[in-house]
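Before any comments, here is the structure.
Since every read-out is calculated from the coordinates, none of them should be taken as a lab result. Since the model is a prediction, treat every value here as computed from it, not as a measurement. Counting neighbours? That spans all protein chains shown, and the Cβs are built from the backbone with ideal geometry, glycine included.
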Amino acid sequence: MARIRSIKTEFWTSEQIVSCTITARLLFIGMWTFCDDNGIHPASVTRLKLQVFPADSISNSELQNLIDELVRADLLIEYQAGINRYWQVTGWAKHQRIEKPTFKHPTPPIKAEAPIIPQVLDDNSTTTPRLFDSPSGTEWSGVESNTLSDKSDCLNVLNYLNSKIGSRFRSVPANLKLISARLKEGATVADCKSVIDAKVAEWSEDSKLKKYLRPATLFSAENFAQYVGQLGTQAKEQQWE
């Protein structure tokens, strides 16, 4: 059953929100009304289309592209619980105040049984892979708080990724802040490019993995720490926690 939800005024000026297309923003808002009171919705494109765009000529593949856009912006996460998959709105508790909540769907597992992105960890690693990419603190907070480190370095890394795989990732806050966070933690531009090179070599020929050649995957805190470790660098693990 659909529910009434709140939209804060700062939603409209959040850089994280405006980095998305207008249609993706409309889908994001519409999705809230069909989520349970934990901000969770079954990961069914067909169901979501019937709920939010019942009379519009939007195909399932187009709707999936919009969902992917929201995931890349760290506005949604996707996870699996049992045999079913779900989407959850990040920052839900910050923006929705519900007096008598009812919870219909299972919440994301703290530890996943298997990661979406296969990762070969060092033998001494104690890190448990997650089912979904960590938002790394970039979920929509309604207030843009993190300033970028040297923007030219961030653009350098993003442009390098685009040149390596022929992509067109835009220099929007959702992408640049991830790179900036890694540089602030002590990574170098060379480290970032080395990770890109390694993952392009590993994933570009795999039809299932090449879609993860994106900033949200490569530069999330947990993933990047593992990828740098695989390169054999001397970066200290605690820098990325």
**OP:** Would you mind computing, in nm to one decimal, how far apart the modelled labels at SER171 and VAL18 are, each placed 7 Å from Cα along Cα→Cβ?
**Re:** 1.7
Original post:
Counting other C-beta atoms within 10 Å, which of TRP12, TRP92 has the fewest, and how do the rest follow?
Top reply: TRP12, TRP92
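Can you work out D for region 9-95 in µm² s⁻¹ from Stokes-Einstein, where Rh is the Kirkwood radius over C-alpha pairs, the temperature is 25 °C and the viscosity is 0.890 mPa s?
Numbers: Rh = 13.3 Å.
My calculation gives 185 µm²/s for D.
Please give the peptides 152-164, 31-43, 56-68 ranked by average Cβ packing (other Cβ atoms within 10 Å per residue), highest first, as a rough proxy for protection. Intermediate results must be reported in sequence, preceding the final value.
Numbers: 152-164: 17.0, 31-43: 19.1, 56-68: 14.1.
Per-residue mean Cβ counts within 10 Å order the peptides as 31-43, 152-164, 56-68.
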Subject >> Compactness of region 151-240, expressed as Rg and Dmax over alpha-carbon positions, Å >> reply: 12.1, 33
Subject >> For a label point 7 Å along the Cα-to-beta-carbon line of THR102, residues of region 21-64 with backbone N under 14 Å >> reply: 34-38
